[in-house]
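Down below is the structure, laid out as C-alpha cells.
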Amino acid sequence: NDPRPKTTVLCYLGEFFNNETGTNYTGVEPSSVFFKLKNENTLIKLYNVILNPASGKQGFLSYQNSFPVGAEGTFLAISAKNDKFYAQLKDVTVGSPASGKSYVGIDFALQEVTEAQLLAMMDDLKNK
C-alpha cells in the first residue's frame, strides 16, 4: 500500500552464492536473503533466484516492481558453502533504477562467520 514508485531489487551474492539453492520455497536453501523495513516488525524473504546471471551476479531478486523507491531497511544475506557460513548485514535505502533499467542491483560482500556470529546478526536484525 506504499504510494511510492516501485522497482525490482536484485541482490548479488557473487562467489558466495551456493548453486545448490533451488526455487522450491521450503525456506531451507543454502543461500538466502532477507529484508527488514526500518523500524517495522516485518521480514521479507527474497525467494526468486536470478536465472542465468552474469559472472559475479548470482543471487536473488524481489518480485517484479515490489520494492518502494526510497524504502529504508536492512538486508541480511546468508550462505552456507564448503561447510562454512558467510553473511552480511547491509543497511540500504532503495534507489531509483538507472535510466533505461527496471531494477536496482545491490552488491554484497559476504564474510565468513561462525554460527554464533550468524545468530548474533539475526538477533541484531530485529533491532533495525
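Counting only residues that are open to solvent by less than 80 Å² (accessible area, probe 1.4 Å), polar (S, T, N, Q) and either farther than 21 Å from E15 by Cα or part of a strand (DSSP E or B) (or both), how many does region 102-122 have?
Number satisfying all stated conditions: 1.
Let me spell it out: the conditions are (1) assigned to a loop (DSSP other than H, G, I, E, B); (2) more than 16 Å from L10 (Cβ to Cβ), and N65 meets all of them except one. Which number is the exception?
Failing condition for N65: (2).
In region 21-57, which residue that is of a type in the set (F, W, Y) and at pLDDT below 90 is surrounded by the fewest Cβ atoms within 10 Å (Cβ to Cβ)?
Here the residue is Y25.
Among the residues that make up region 83-101, is at least one of them more than 19 Å from K6 (Cβ to Cβ), of a type in the set (K, R), out of contact with any Gly (no Cβ under 7 Å at 6 or more places or on another chain) and surrounded by 12 or more Cβ atoms within 10 Å (Cβ to Cβ)?
For region 83-101, residues more than 19 Å from K6 (Cβ to Cβ), of a type in the set (K, R), out of contact with any Gly (no Cβ under 7 Å at 6 or more places or on another chain) and surrounded by 12 or more Cβ atoms within 10 Å (Cβ to Cβ): present.
Which one of these does S66 not meet: (1) touching a strand residue (DSSP E or B) at 6+ places or on another chain (Cβ under 9 Å); (2) over 13 Å from Y103 (Cβ atoms); (3) surrounded by fewer than 21 Cβ atoms within 10 Å (Cβ to Cβ); (4) hydroxyl-bearing (S, T, Y)?
The failed condition is (2).
Checking the condition without any contact (Cβ under 8 Å) to a residue 60 or more places away in the chain and either hydrophobic (A, V, I, L, M, F, W, C) or in a loop (DSSP other than H, G, I, E, B) (or both), which residue from L76, L10 passes?
Testing whether each residue is without any contact (Cβ under 8 Å) to a residue 60 or more places away in the chain and either hydrophobic (A, V, I, L, M, F, W, C) or in a loop (DSSP other than H, G, I, E, B) (or both) leaves just L76.
The values are calculated or read from the model by the stated rules, or taken from the named source; none is laboratory data. Computed from a predicted structure; not experimentally measured. Here Cβ is always computed from backbone atoms with ideal geometry, including for glycine, and neighbour counts include all displayed protein chains. Please note that ligands, DNA and RNA were not included when accessible areas were found on the heavy atoms of the full protein model with its side chains. Shrake-Rupley method; radii C 1.70, N 1.55, O 1.52, S 1.80 Å.
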